[in-house]
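Asks: Sharing a structure here in structure tokens format.
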Amino acid sequence: MAERSHPDMSFETEARASGFLHVAGVDEAGRGPLAGPVVAGAAILPEHLEGLPGLNDSKQLTAAKREALFAALLERADVHCSVGIASTEEIDRLNILRAPHLAMARAVEGLSLRPDFCLVDGLPVKGLPVPHRAIVKGDGRSLSIAAASVLAKVTRDRMMTEADAEFPQYGFAKHKGYGTKVHMEALRKHGPCPLHRRSFAPVSQMELSLPE
């Protein structure tokens, strides 16, 4: 099947045709950074979606557009939204493969309307509380997953901006914890803070630590 240029409701319609009533899209943000949590979003959209122009994979949107869509999703009574978080400590304890699955399960469980089927970006998810279908590059193919990606990305970006106020020496507000040159230089100078993932090699190799 040819890859769609924009997300639509085809996968949701197919799931409903198979007998599922409430289909949720699920996606996560923050798998790659050296610091901060993994955040997952879950969204159930109405069968005939209107009034959310430009909804797409969060990576394809500007920060301003993501924020506008985030607000629009939360304001609508016909859209059910939730986020789930796996902390830095859980990432280090479980590993970066399992922690996103935990965040996704929490996002699904947090929905005010219980889904009976999920569309998940990427690969199958262990521990999801309902049946699901994994869709490669799903955030650019399914509008429900695109909505979930916006929820996850905006929530995580806001968390990292807030963390910048507590740990201003790292520049979290700018790079959101990713391993940029500025971030790596700050790590070498200051050592890791409590938000850094000790299970990630670039962090574990740093011998310095913050003064108590």
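Asks: Taking the solvent-accessible surface of protein heavy atoms with a 1.4 Å probe, what is the per residue accessible area of the chain in Å²? Before the final figure, lay out the partial values.
Replies: Values: 10260 Å² over 212 residues.
For the chain, the per-residue accessible area is 48 Å².
Asks: Same structure again: For the chain, what does the relative contact order come out to in percent, with C-alpha contacts under 8 Å and a separation of six or more?
Replies: Averaging sequence separation for qualifying contacts and normalising by length gives 29 percent for the chain.
Asks: Once the dipole of the stretch 46-114 is set up with Lys and Arg at +1 and Asp and Glu at -1 on Cβ about the Cα centre, which of ALA99, ALA68, VAL83 lies farthest towards its positive end?
Replies: Of ALA99, ALA68, VAL83, it is ALA99.
Asks: In the chain, which whole DSSP H runs stretch at least 20 Å along their own axis (Cα) and average -1.0 or higher on the Kyte-Doolittle scale?
Replies: On the way: long enough: 143-166 (35 Å, 0.22).
Going by DSSP H runs, the hits are 143-166.
Asks: Exceeding 30 Å between C-alpha atoms, which entries from my cross-link table qualify? They are LYS126/LYS174; LYS65/LYS126; LYS59/LYS181; LYS126/LYS189.
Replies: Pairs exceeding 30 Å: LYS126/LYS174; LYS65/LYS126; LYS126/LYS189.
Asks: Same structure, new question: What 222 nm value per residue comes from the helices of the chain, counting each DSSP H run with n ≥ 4 as -39,500 (n - 2.57) and dividing by all residues, nearest 500 deg cm²/dmol?
Replies: After summing the helix terms and dividing by residue count, I get -11500 deg cm²/dmol.
Asks: Could you state how much accessible area LEU113 has, in square angstrom rounded to the nearest 10, with a 1.4 Å probe and all protein chains kept in place?
Replies: Ignoring ligands and nucleic acids, LEU113 comes out at about 50 Å².
Asks: With contacts defined as alpha carbon pairs under 8 Å and 6 or more residues apart, what's the relative contact order of the stretch 118-207 in percent?
Replies: 15
Asks: If a paramagnetic tag sat 7 Å from the Cα of ASP8 along the Cα-Cβ line, which residues of the stretch 56-90 would have the backbone N under 19 Å from that point?
Replies: Hits in the stretch 56-90 for ASP8 at 19 Å: 56-57.
Asks: Turning to a different aspect of this structure: What shape does the stretch 32-86 take by its C-alpha gyration tensor, where a ≥ b ≥ c are the square roots of the eigenvalues and a/c under 1.5 counts as rounded, a/b above b/c as prolate, and the rest as oblate?
Replies: Oblate, since a/c reaches 1.5 and b/c is not below a/b.
Asks: Using a 1.4 Å probe, how large is the accessible area of HIS80, given in Å² and rounded to the nearest 10?
Replies: 40
Asks: While we're on this one: Counting only the backbone N, which residues of the stretch 126-163 are under 13 Å from the spot 7 Å out from the Cα of ALA173 toward its beta-carbon?
Replies: The answer is 158-163.
Asks: Of the heavy-atom accessible surface of the stretch 61-212 (probe 1.4 angstrom), what whole percent is carbon and sulfur?
Replies: Result for the stretch 61-212: 57 percent of the exposed heavy-atom area is carbon or sulfur.
Asks: Among residues other than LEU94 whose Cβ falls under 14 Å from its Cβ, what is the net charge (Lys/Arg +1, Asp/Glu -1)?
Replies: +3
Asks: Based on alpha-carbon positions alone, could you give the equivalent ellipsoid semi-axes of the chain from the gyration tensor, as √(5λ), descending, whole Å? Walk me through the intermediate numbers first.
Replies: Working: eigenvalues 215, 61, 40 Å².
Those come to 33, 17, 14 Å.
Asks: Of the options VAL154, PRO53, SER199, report the single residue whose Cα projects farthest towards the positive end of the charge dipole of the chain (beta-carbon charges: Lys, Arg +1; Asp, Glu -1).
Replies: In the chain, that residue is SER199.
Asks: Please tell me the relative contact order of the stretch 1-90 in percent, rounded to the nearest whole number, where contacts are Cα pairs under 8 Å and at least six residues apart.
Replies: 31
Asks: Can you tell me the dipole magnitude for the chain around its Cα centre, using point charges on the Cβ only (Lys, Arg +1; Asp, Glu -1), in Debye to the nearest 20?
Replies: In total the dipole reaches around 520 debye.
The values are calculated or read from the model by the stated rules, or taken from the named source; none is laboratory data. Here the structure is a predicted model, which means the values were calculated and not measured. In this analysis, Cβ positions are derived from the backbone assuming ideal geometry, glycine residues included, and neighbour counts consider all displayed protein chains. Please note that ligands, DNA and RNA were not included when accessible areas were found on the heavy atoms of the full protein model with its side chains. Shrake-Rupley method; radii C 1.70, N 1.55, O 1.52, S 1.80 Å.
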